[in-house]
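To keep things clear, I will list the structure first and then write my remarks on it.
The values are calculated or read from the model by the stated rules, or taken from the named source; none is laboratory data. Fair warning: this is a prediction, and the values are worked out from it, not measured in the lab. The area values use the complete protein model at the heavy-atom level, side chains included, leaving out ligands, DNA and RNA. Shrake-Rupley method; radii C 1.70, N 1.55, O 1.52, S 1.80 Å.
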Amino acid sequence: MSHLEYGPLASIIGVWKGDNGTDVAPEPNDGIEHNPYSEVLTCEPAGDVFNASKQKLWAVRYHQTARRLSDNTVLHDQVGYWMWDAVQKQVVQSLTIPRAVCILAGGISSTDSNGTLHLDVSATDGDAHWGIIQSPFMDNNAKTSAYRYQLSVEDDVLTYSQSILLEIYGKFFDHTDGNTLLRFNHP
Ligand code: HEM
């Protein structure tokens, strides 16, 4: 398979699965929830777009579903795009989750001496470009203040960790997730 024009995003195309997810989420009264989860992440080539007749972006569309190991119920669902601007050497992730929260995160890709690809994107509430949009309810009760997502791919192994700074139950809470996934097939 050749998806060279997708730049670093070529490495994430495929169907990925893993059972080692670790989630740390907030609970009322200073509580902390630890949720082990399984996950399926599908990343498909979505072609290219031209913006203002100047900027070319290559896009990968993804869908992530995480399920509790305890009872297989869905604990997180997310859809979005990864985009690559080869001229600016910029990586962009747009995502939405069914809590009425959307994020546009920007960042970089790099490849280390072992050939491992790294993507690192972030967004901050209030930033004019790499920002977070949320419903009035979430803004007032469970605000996403900052987002950082780091991913690495070596051959058919993808590892990610993310940190989401929430303002919930009257304080800041670092909502974190991470998993290691294996690639099952290329679409
Ligand atoms: C693998 C990824 C993720 C998993 C497994 C996950 C899981 C969870 C869980 C289990 C809760 C607690 C829900 C509850 O107690 O009712 C939670 C809360 C929350 N998550 Fe996530 N999450 C993920 C990613 C995200 C992302 C990317 C965002 C933001 C864009 C986000 C925003 C929130 C918010 C705002 C809450 C607070 C809602 C509440 O507890 O009332 N999460 N998440």
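At-a-glance table
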quantity	calculated
Estimated vicinal HN-Hα couplings, Hz - the stretch 23-30 in sequence order (Karplus 6.51, -1.76, 1.60; Gly, Pro = x)	10, 10, 10, x, 10, x, 6, 6
Extent along principal axes [Cα atoms of the chain; Å; largest to smallest]	51, 38, 29
Over the chain, relative contact order from alpha-carbon pairs under 8 Å, at least 6 apart, %	20
Anisotropy class of the stretch 56-116 from Cα gyration tensor, a/c 1.5 cut	oblate
Accessible carbon and sulfur surface of the chain relative to its total accessible area, %, 1.4 Å	52
Candidate lysines - alpha carbon under 24 Å from residue 89, same-chain residues fewer than 8 apart omitted	54, 56
Structure-based [θ]222 nm, the chain - -39500 (n - 2.57) summed over DSSP H runs of at least 4, per residue, nearest 500	-500 deg cm²/dmol
Unit Cα scatterers, Debye sum, the stretch 75-182: log10 I(q)/I(0) for q = 0.17, 0.18, 0.23 Å⁻¹	-0.84, -0.93, -1.35
